[in-house]
Amino acid sequence: MDKYTLKTVFRKSFLRLIWRIEVDTASGLLAVETREDRTGNPSFSALDYRTGTSCIHEIPYADRNWTLAGIADGKLVVKAFGQNSPESAGIACIDAHNGEVVWEQHSYVLLALQGSQLIVRHRNYAGGFEQRLDLHTGDLTQINNSADKPAGPEIVLPKRHIADPPVFLQRYRIHGDVFQCTVGLNEVWAFHEREHQTYQVRMVISNGLSVLDDNVVMEGLTKMAPELFFAIADQLFLIGDTKREIVSYLV
C-alpha cells in the first residue's frame, strides 16, 4: 500500500495582496479580491477551486471604496462602502468567466445576497423598504427565488482544540492554539511552531491515533497567522505567508 501523503492541488499567485475570498460551492468557483499596495484599489479574480484553473485574474474595477460581496451562478457581486460606514449606494455584477461588467446599479445599497437575488434598499431610505434585484439582470423583481440556488458542499472552518493536544501531537513544538477539523475519515490539525525569530505553520493529518502525514505549510512568518485554513469537501485552502498566494491540498 502506498504511503499516505498530503497532495497539492494547486498554487495560485497574485500580484496584489489578498483581501477577501468568497466561495460558490454549487458551481465550484472561488472569488478573490486583491488590493494594490499603494492605492488600495481592488482587483477581482475567479477560479475553479477544484483544479486551480483561472477564469479571470485580477481584473480591476472601481476604486478603494468598493469590495467583493459574494459570488453566485458564475457572477461576482461587488459593492460600494462609505468612508465611515459599511453601507453605501453602489452595486455591480461581473461575469466570473470573462470579466465583463454585466450590470451596475448606483441607486441601491446591498444588504444581502440570497441565491440568485440581491436584497437591497434604495439610497433615499435610511431603513426598511427592502427590495430585490435579479442577479442576472440587475432589475427589480417581485419574485422570490432565493431558494432556487442548488446546494454545494459546506465550507468548514477549523475549531480551536480546547483540551490538551492528543498524544501523537506531543512530539511537536506547538506554540499557541491548535486548530482541528474533520475531513472525510481523517482529522486535520494545524498549529504554529516557533523557529528562531519567526513562526511556521505545521499541518498534521491523523486517523485515529496514527499520524498519516505532516507538513510545514507556511514558514518565515514574522507574526502568528490569525486564520490558518478552511476546507471544502476533501480540499484544504490556505493563504500563503506573503498574502499573495492561495494553496490547496487534497486530504
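The values are calculated or read from the model by the stated rules, or taken from the named source; none is laboratory data. Note that this is a predicted model, so its numbers are computed, not measured. Every residue, glycine as well, gets a Cβ built from its backbone with ideal geometry; the counts of neighbours run over all protein chains shown. Heavy atoms of the whole protein, side chains included, go into the accessibility calculation; ligands, DNA and RNA do not. Shrake-Rupley method; radii C 1.70, N 1.55, O 1.52, S 1.80 Å.
Give the number of residues within region 20-30 that are hydrophobic (A, V, I, L, M, F, W, C) and over 17 Å from VAL247 (Cβ atoms).
Number satisfying all stated conditions: 2.
Touching a residue at least 40 places away in the same chain (Cβ under 8 Å), buried (at least 18 other Cβ atoms within 10 Å of the Cβ) and either among the charged types (D, E, K, R) or over 19 Å from ARG35 (Cβ atoms) (or both): which single residue out of ALA72, ALA89 fits that description?
The match here is ALA72.
Scan region 42-61 residue by residue and report those that are closer than 19 Å to GLU100 by Cβ, buried (at least 16 other Cβ atoms within 10 Å of the Cβ) and of a type outside the set (Phe, Trp, Tyr).
If the condition is that a residue be closer than 19 Å to GLU100 by Cβ, buried (at least 16 other Cβ atoms within 10 Å of the Cβ) and of a type outside the set (Phe, Trp, Tyr), then PRO42, SER43, SER45, ALA46, LEU47, CYS55, ILE56, HIS57, GLU58, ILE59 are the ones that fit.
If we keep just the residues of region 173-185 that are more than 17 Å from VAL217 (Cα to Cα) and open to solvent by 20 Å² or more (accessible area, probe 1.4 Å), which is modelled with the highest pLDDT?
By that ranking, first place goes to THR182.
When region 209-232 is examined, which residues are found to be at pLDDT 95 or above, surrounded by fewer than 19 Cβ atoms within 10 Å (Cβ to Cβ) and either farther than 20 Å from ILE174 by Cα or within 13 Å of the chain's Cα centre (by Cα) (or both)?
Selection gives PHE230 alone.
Quick test of your reading of the structure: LYS243 fulfils all but one of (1) farther than 24 Å from THR34 by Cβ; (2) among the charged types (D, E, K, R); (3) modelled with pLDDT under 95. Name the failing condition by number.
Among (1) farther than 24 Å from THR34 by Cβ; (2) among the charged types (D, E, K, R); (3) modelled with pLDDT under 95, LYS243 violates only (1).
Does TYR108 qualify as being touching a Ser or Thr at 6+ places or on another chain (Cβ under 9 Å) and at pLDDT 95 or above?
No; evaluated as a whole, the condition is false for this residue.
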